[in-house]
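**Q** Here it is, the structure, as structure tokens.
The values are calculated or read from the model by the stated rules, or taken from the named source; none is laboratory data. Everything quoted here is computed from the prediction, not taken from an experiment. Reconstructed Cβ throughout: ideal geometry from the backbone, glycine too, with neighbour counts over all protein chains shown. Heavy atoms of the whole protein, side chains included, go into the accessibility calculation; ligands, DNA and RNA do not. Shrake-Rupley method; radii C 1.70, N 1.55, O 1.52, S 1.80 Å.
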Amino acid sequence: MGQSSSAHGFSPTDSNYPHHRCSGTGHSQSEFFYPTLSEEDDFPISQPCENRDYTDGLPDECLALIFQSLSSGDRKRSSLVCRRWLLVEGVSRHRLSLNAKAEIIPDIPTIFSRFDSVTKLALRCDRKSVSINDEAVILISHRCVNLTRLKLRGCRDITDLGMACLAKNCEKLKKFSCGSCMFGAEGMNALLINSISLEELSVKRLRCMNHTVSVEPISIGSNAACSLKSICLKELYNGQCFGPLIMGSKNLKTLKLLRCLGDWDRVLETIASRENHLVEIHLERVQVSDIGLRAISKFSDLEILHLVKAPECTDAGVVDVARHCKLLRKVHIDGWRTNRIGDVGLGAIGEYSVNLKELVIMGLNPTVTSLLAIASNCQKLERLALCGSESIGDAEVTCIATKCMALKKLCIKGCEVTDEGIVSFAWGCPYLVKIKVKKCKNVTGEVADLLRSRRGSLTVNLDVGEVDAEVVDGSASDGGALEEGIEFPPIARTVPILGAATSNFGRSSASTSRIGFLGGRGFVACTFRRWSNGNANENL
């Protein structure tokens, strides 16, 4: 712990002996040894119990474990009790988050003298303030050589020079995340070359790479390429410069491409041409077609696929993935109401994905045909969301209620269902614990009362009369609205929108598609992220 233990050499006659008890504590006399004293014996009277500090005999290691079980606020307050607690709390703190404004630069030596065991550090600065600079980052890197996780948010005054020094001093980094920073490819390459243990890389709105001019590629020969297991790129103009790194990361298991410009089919084809271990892929509003999906179908270990607002993908690509990726257990598809993915693709998922546990369907128009295949063959399906569909009605919902025996959580939003369809869950899906019905104009509050009376343990979340409040959005990202000053041009290749029928929300399919990159966090994405986190696995 960096200091001597606080345990002392105690004797039974010491007034500070830690096992002394107050009288009347509920212990019987036989539990203690009481020496026989004569009236002449001069025996010192012990201090009152209320003035004794029982933690004096507690080793620092044990006290540190107690601190680690406290909430952040309780831990801060406890550190003010005495000097010893302040010291122990400081040296035992491994996770630290700082408001990274320029004003803290003079206090950095003091802060990290107290917190000298930090391994997980987050530095955040709001957009209206001046952030810490290279000098501050270099100071921090000298004092936190054991950092394993680092998150930078809005640190706009850190340049390539600061990142290079940070990379040299913090070689044990395993997770690095940055957003809205100003350093460029040179600083990123320095980090990847020096971080031989880097496993997770997340890059969001790296502004020096958000230029149309040529950007230095991220080095494929970096040490991190051998250790990287997860790469997440979000809202980058020149995300393609990470292509060599993605293609060269042989142990990559998770790949997330969110709102990054460029044609990603070639990158996916290159990954598929060699041995790979990809388990999870997120593609949101990126230029990928059936060629990319055909490449993904060669990822035999794939378990999680998010395909959100990729208008060039059709049934043919989805069928390829479903037919060859037999381990799929989580599938999210947002068709963006282009009608290019329908019964054929969803039917293939139902036929081949027997291990499926979670399915989200948004902006698609499936019928009883495909839903019957899913409900009949996917016997492990536990979580299902049906949103923004004009074809899902009572017949489709009743099919789910009668066939999905393992279903535990259901979300229906913006569909043409009525009370007649929802009431089927009063008897169907025996393991159902939660049902959410949103923006369904033909569903009334009476059906919720019926479900609760019939199944007392079922949690029913029903909104009545909130039909036009918002547009269903299937964005799987964690962002929300984009920052001011950042605009993304439209995707290079355009796809004609098939069928511009007006949706339940009074907005046509074409106008919905033109929302582009400006969509915020989706209801279903948030719902299933909470459900998934309740059962399983962001870092700092």
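**Q** Given the residues 178, 170, which is the only one that is under 21 Å from residue 99 (Cα atoms) and modelled with pLDDT of 95 or more?
**A** Selected residue: 178, the only one of 178, 170 that is under 21 Å from residue 99 (Cα atoms) and modelled with pLDDT of 95 or more.
**Q** May I ask you to list the residues in region 81-107 that are open to solvent by less than 40 Å² (accessible area, probe 1.4 Å) and under 30 Å from the mean Cα position of the chain (by Cα)?
**A** Answer for region 81-107, where residues must be open to solvent by less than 40 Å² (accessible area, probe 1.4 Å) and under 30 Å from the mean Cα position of the chain (by Cα): 89, 90, 91, 92, 93, 96, 98, 100, 102, 104.
**Q** Among the residues in region 184-194, are any at pLDDT 95 or above and either under 17 Å from residue 218 (Cβ atoms) or of a type in the set (A, V, I, L, M) (or both)?
**A** No, region 184-194 contains no residue that is at pLDDT 95 or above and either under 17 Å from residue 218 (Cβ atoms) or of a type in the set (A, V, I, L, M) (or both).
**Q** While we're on this one: So residue 135 ticks every box in (1) in a loop (DSSP other than H, G, I, E, B); (2) open to solvent by 20 Å² or more (accessible area, probe 1.4 Å); (3) not polar (S, T, N, Q) but one. Which box is left unticked?
**A** It fails just one condition, (1).
**Q** Right, something else. Scan region 210-239 residue by residue and report those that are modelled with pLDDT under 90 and of a type in the set (S, T, N, Q).
**A** Of everything in region 210-239, those that are modelled with pLDDT under 90 and of a type in the set (S, T, N, Q) turn out to be 210, 212, 214, 219, 222, 223, 238.
Matching residues to (1) aliphatic (A, V, I, L, M); (2) in a strand (DSSP E or B); (3) closer than 26 Å to residue 301 by Cα; (4) in contact with a Phe, Trp or Tyr (Cβ under 7 Å, 6 or more places away or on another chain):
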{"position": "196", "(1), (2), (3), (4)": "yes, no, yes, no"}
{"position": "225", "(1), (2), (3), (4)": "yes, no, yes, no"}
{"position": "232", "(1), (2), (3), (4)": "no, yes, yes, no"}
{"position": "243", "(1), (2), (3), (4)": "no, no, yes, no"}
{"position": "255", "(1), (2), (3), (4)": "yes, yes, yes, no"}
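**Q** Just a yes or no: is a residue in region 185-200 under 23 Å from residue 306 (Cβ atoms), open to solvent by 10 Å² or more (accessible area, probe 1.4 Å), of a type in the set (A, V, I, L, M, F, W, C) and touching a Ser or Thr at 6+ places or on another chain (Cβ under 9 Å)?
**A** No, every residue in region 185-200 fails to be under 23 Å from residue 306 (Cβ atoms), open to solvent by 10 Å² or more (accessible area, probe 1.4 Å), of a type in the set (A, V, I, L, M, F, W, C) and touching a Ser or Thr at 6+ places or on another chain (Cβ under 9 Å).
**Q** So for region 67-80 (the condition being touching a Leu at 6+ places or on another chain (Cβ under 8 Å) and surrounded by fewer than 16 Cβ atoms within 10 Å (Cβ to Cβ)), does at least one residue qualify?
**A** First, the residues of region 67-80 that are touching a Leu at 6+ places or on another chain (Cβ under 8 Å): 78-80.
Those still in the list that are surrounded by fewer than 16 Cβ atoms within 10 Å (Cβ to Cβ) too: 80.
Checked region 67-80: at least one residue is touching a Leu at 6+ places or on another chain (Cβ under 8 Å) and surrounded by fewer than 16 Cβ atoms within 10 Å (Cβ to Cβ).
**Q** Also, I was wondering about something else. Report every pair of residues separated by at least 6 positions or lying on different chains whose Cβ atoms are under 9 Å apart, first residue within region 343-366 and at positive phi, second crowded, with 24+ Cβ neighbours inside 10 Å and among the small types (Gly, Ala, Ser).
**A** If the second residue must be crowded, with 24+ Cβ neighbours inside 10 Å and among the small types (Gly, Ala, Ser), the pairs left are 363/335; 363/388; 363/389; 363/474.
Listed here are the residues, each with its yes/no results for (1) farther than 21 Å from residue 178 by Cα; (2) among the hydrophobic types (A, V, I, L, M, F, W, C).
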position	(1), (2)
237	no, no
249	no, no
263	yes, no
273	yes, no
276	yes, no
279	yes, yes
